[in-house]
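Structure first, commentary second.
The values are calculated or read from the model by the stated rules, or taken from the named source; none is laboratory data. All values derive from a computational prediction rather than experimental measurement. Heads up, the Cβs are rebuilt from the backbone with ideal geometry, glycines too, and the neighbour counts pull from every protein chain shown. What goes into the accessible areas is simple: the full protein's heavy atoms, side chains included, and nothing from ligands, DNA or RNA. Shrake-Rupley method; radii C 1.70, N 1.55, O 1.52, S 1.80 Å.
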Amino acid sequence: MAAPRNEDLKRKIIDATTDLLKEKSFPYISLAEIAKNAGISKGTLYYYFKNKNEILLQIYDDYLDDQWKQLIDWTENKDKDTSLHRMLKYVIERSIVSPELRMHLIHESMFGNDDLKEKMNARYDQFKKLISGKIAERSSEYDPNELSLLILFLSDGLIVQKVLNNKNIDIDTFIQDFIDRLSK
C-alpha cells in the first residue's frame, strides 16, 4: 500500500480540526487532539502545520475558496436562471450553510488572532467585490457596492441567529421575503 500523499494528510488534519470545532471552541482544541483525530502523529502534524493558527487559516481559506468557486460556477452556468434576485438568494443561502464554523472564525479574529482578522478582512473585501461585480452584470437599478455590503451584512446577522437557534425567526421565509421585496 502506498503512503498517503501530502495533500491527503493535510486534508485529514483539516477535516479532523473541523470535526473538533463542532464540539468545542478553537482555543480548547490541542494539537495532540487534532493529531489523534486525524490518525497521525504530532510530528506529522507539525510537518504540515507549524501551529494551530496555520490550521485555522487553512480552514478559512478552504471555506472561502469553496464559496467563491460555487458562486462563480453558479453565476456562469448558462442553464440556470442567475438573475439578480436569484443570485442574491443564492449568496445569502450559501453564506449561512456552516454558521458554527463562521462563528468560530469570527470569535478567533475578535479575540486576538490578528492574522486571521487580517485575512478575514481581506477576503471579505474580495468577496464583496466579486458579488458587486456580479450585481453590476445583472442590474443598473442598485448600487452594486451598497447592495453587496447589505447582502454580506445580512448574511452575518443570519449566521448569528442560526447559531443561536432563534426559534422566533424563520430564516428561510425571511430570505424569501427579503428577495421578493427587492424584486418589486
Checklist entry - Going by the structure shown, is residue 98 modelled with pLDDT of 90 or more and closer than 26 Å to residue 14 by Cα? => result no
Checklist outcome for this item: Residue hits (region 97-134; of a type in the set (Phe, Trp, Tyr) and farther than 26 Å from residue 175 by Cβ) are 111
Checklist outcome for this item: Among helices (runs of 4 or more DSSP H) completely within region 65-138, the ones holding 2 or more residues that are open to solvent by 50 Å² or more (accessible area, probe 1.4 Å) and of a type in the set (Ser, Thr, Tyr) are none
Checklist outcome for this item: Checked pairs for region 62-74, first farther than 22 Å from residue 85 by Cβ, second of a type in the set (Gly, Ala, Ser) and surrounded by 13 or more Cβ atoms within 10 Å (Cβ to Cβ), C-beta under 8 Å and 6 or more apart or across chains, list as 63/98
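Could you count how many residues in region 90-130 are under 16 Å from residue 148 (Cα atoms) and either of a type in the set (Asp, Glu) or in contact with a helix residue (DSSP H, G or I) (Cβ under 9 Å, 6 or more places away or on another chain) (or both)? Write out each step before concluding.
In the first step, residues of region 90-130 are kept if they are under 16 Å from residue 148 (Cα atoms); the result is 90-96, 121-130.
Subsequent filtering for residues that are either of a type in the set (Asp, Glu) or in contact with a helix residue (DSSP H, G or I) (Cβ under 9 Å, 6 or more places away or on another chain) (or both) retains 90-96, 121, 123-130.
Qualifying residue count for the region: 16.
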Checklist entry - If you check 83, 109, which single one turns out to be of a type in the set (Gly, Ala, Ser) and under 18 Å from residue 160 (Cβ atoms)? => result 109
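I'm trying to understand the selection: among the residues of region 118-157, which are basic (Lys, Arg) and over 14 Å from the mean Cα position of the chain (by Cα)?
129, 134, 138
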Checklist entry - Can you name the residue in region 139-162 that is of a type outside the set (Gly, Ala, Ser) and more than 23 Å from residue 99 (Cα to Cα) and is also surrounded by the fewest Cβ atoms within 10 Å (Cβ to Cβ) among such residues? => result 141
Checklist entry - Say we look at region 37-52 and pick out the residues that are on the phi < 0 side of the Ramachandran plot and either at pLDDT below 90 or not in a helix (DSSP H, G or I) (or both); which of these is most open to solvent (accessible area, probe 1.4 Å)? => result 50
